[in-house]
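Quick notes on the structure that follows.
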Amino acid sequence: MAEPKIDALLLASVLDVLRGHPHGHDLASLAERFGMSTARMRSVIEFLWTVGVRDEQGFDDPSSMFDFDAEALDDDWVRLTHDPVRTAPTRFTSAEHAAVLTGLSVLRASANAEEAARIDALAAKLTGVTSETHESAPGAGRSVDRWLEPIRTALERGEQLRIHYRGEFADAGRWRQVDPLRLEVRGASTYLNAWCHEAREPRWFRTDRIRDLERTELPAGTHTESERARPLEVRKASGPEVDLAVAPSAIALIRPYLAGKPVPEPDADGMVRIRVKLRATGVAVRLAAEQAGAIIVEGPAEVRNEVAKWAEAALAALDDPAGDPEAAGSASAEPAPNPSA
């Protein structure tokens, strides 16, 4: 059996186990827990020995590196003696928060079911740890979502929920009875994948469109893994078709617009070129604004012109100390993406 690859998710998981064993963990049993050889696990620990938390200027600080008991490791015993993450700031600016969530989305695209569940849980927790509300940054999205905790509780207990939800194209909100299946975070927005009892099919609900929520204490039904793991998709609308050049790091953000289509191979410049149907021109502007350089609008000309207008307005606001960055262009007017519910 092939041993698991050493990636960020594996390293984080190993550290999490060691934090739960302050007196140390047997190397062989730790290796067995992660399905790898003892020699492979030793190499993981030796790699973690070189990892640290950089300071605000981006420099490595020896006092902010992971450390282990060297003598104990010689005897095949792993004990974490210094954890810089425990003493590092745990609150993010809006920009840091968006970057972390985007990175988790990229990781999730290649994760198996168990890894995806852990990523979803971590992303849902991160939604409430910004040091500033999302509205404080231009086009950054929304503030902390008050519905995440009761949704997570319902997921853990396997209970139905009643939500008062207003879809993008609805004239008014209405109550729906749902079985929560999982949460997914994309950029600054969180989505609930749920079985809708009224529609009798799974639907996506953007949590900031939930106007009210009630617990029912009724058990949720039995659902298949494919229903739980179904990809986030954007409801088709009569919006523009837009040609995008997308960096691999931003693929996760446009995947909801692909309707299951495969992602093309990158061109020689490393960018993936793809045509997507958006519900409004403002969505293209927002994607280009929030992911500057990682998502580029290449056509049609009228959409590129809207992006240019936003950029000009944003630059003017930056040049004017009294200017209002939030009012610069239409990038903050159209949240993206919007689910199929």
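The values are calculated or read from the model by the stated rules, or taken from the named source; none is laboratory data. Keep in mind the model is a prediction, meaning the values are calculated, not measured. For neighbour counting, all protein chains shown are included, and Cβ atoms are generated from backbone atoms with ideal geometry for every residue, glycine included.
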Next item on the list: Being under 13 Å from PRO219 (Cα atoms) and surrounded by 20 or more Cβ atoms within 10 Å (Cβ to Cβ) is the filter; apply it to segment 147-159 and report the residue that is farthest from the chain's Cα centre (by Cα).
Entry: ALA154
Margin query: I'm trying to understand the selection: among the residues of segment 16-29, which are assigned to a loop (DSSP other than H, G, I, E, B) and surrounded by 13 or more Cβ atoms within 10 Å (Cβ to Cβ)?
Written below: HIS21, GLY24
Next item on the list: For segment 174-192, indicate whether the set of residues that are aliphatic (A, V, I, L, M), farther than 24 Å from ILE254 by Cα and touching a helix residue (DSSP H, G or I) at 6+ places or on another chain (Cβ under 6 Å) is non-empty.
Entry: no
Check: Out of GLU46, GLU32, which single residue is outside any loop (DSSP other than H, G, I, E, B), touching a helix residue (DSSP H, G or I) at 6+ places or on another chain (Cβ under 9 Å), modelled with pLDDT of 85 or more and surrounded by fewer than 12 Cβ atoms within 10 Å (Cβ to Cβ)?
Finding: GLU46
Next item on the list: For residues that are closer than 25 Å to PHE205 by Cβ and either of a type in the set (Phe, Trp, Tyr) or in contact with a strand residue (DSSP E or B) (Cβ under 6 Å, 6 or more places away or on another chain) (or both), tally how many sit in segment 244-253.
Entry: 1
Item checked: Counted residues, segment 279-299 - those being crowded, with 16+ Cβ neighbours inside 10 Å, out of contact with any Asp or Glu (no Cβ under 8 Å at 6 or more places or on another chain) and at pLDDT 75 or above -> 5
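Residues checked against (1) part of a helix (DSSP H, G or I); (2) closer than 19 Å to LEU232 by Cα; (3) modelled with pLDDT of 70 or more; (4) not assigned by TED's automatic domain parsing to the domain that holds SER226:
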position: PRO138; (1), (2), (3), (4): no, no, no, no
position: VAL144; (1), (2), (3), (4): no, no, no, no
position: PRO150; (1), (2), (3), (4): yes, no, yes, no
position: LEU155; (1), (2), (3), (4): yes, yes, yes, no
position: ARG162; (1), (2), (3), (4): no, no, yes, no
position: GLU168; (1), (2), (3), (4): no, yes, no, no
position: ARG176; (1), (2), (3), (4): no, no, yes, no
position: LEU181; (1), (2), (3), (4): no, yes, yes, no
Note to self: Quick check on my filter: what residues within segment 199-242 are at pLDDT 85 or above and either outside the structural domain of ASP179 (by TED's automatic domain parsing) or hydrophobic (A, V, I, L, M, F, W, C) (or both)?
What the structure shows: ALA199, TRP204, PHE205, ILE210, LEU213, LEU218, ALA220, VAL242
Item checked: Search result, residues across segment 284-300 that are within 14 Å of PRO240 (Cβ to Cβ) and outside any strand (DSSP E or B) -> ALA284, VAL285, ARG286, LEU287, ALA288, PRO300
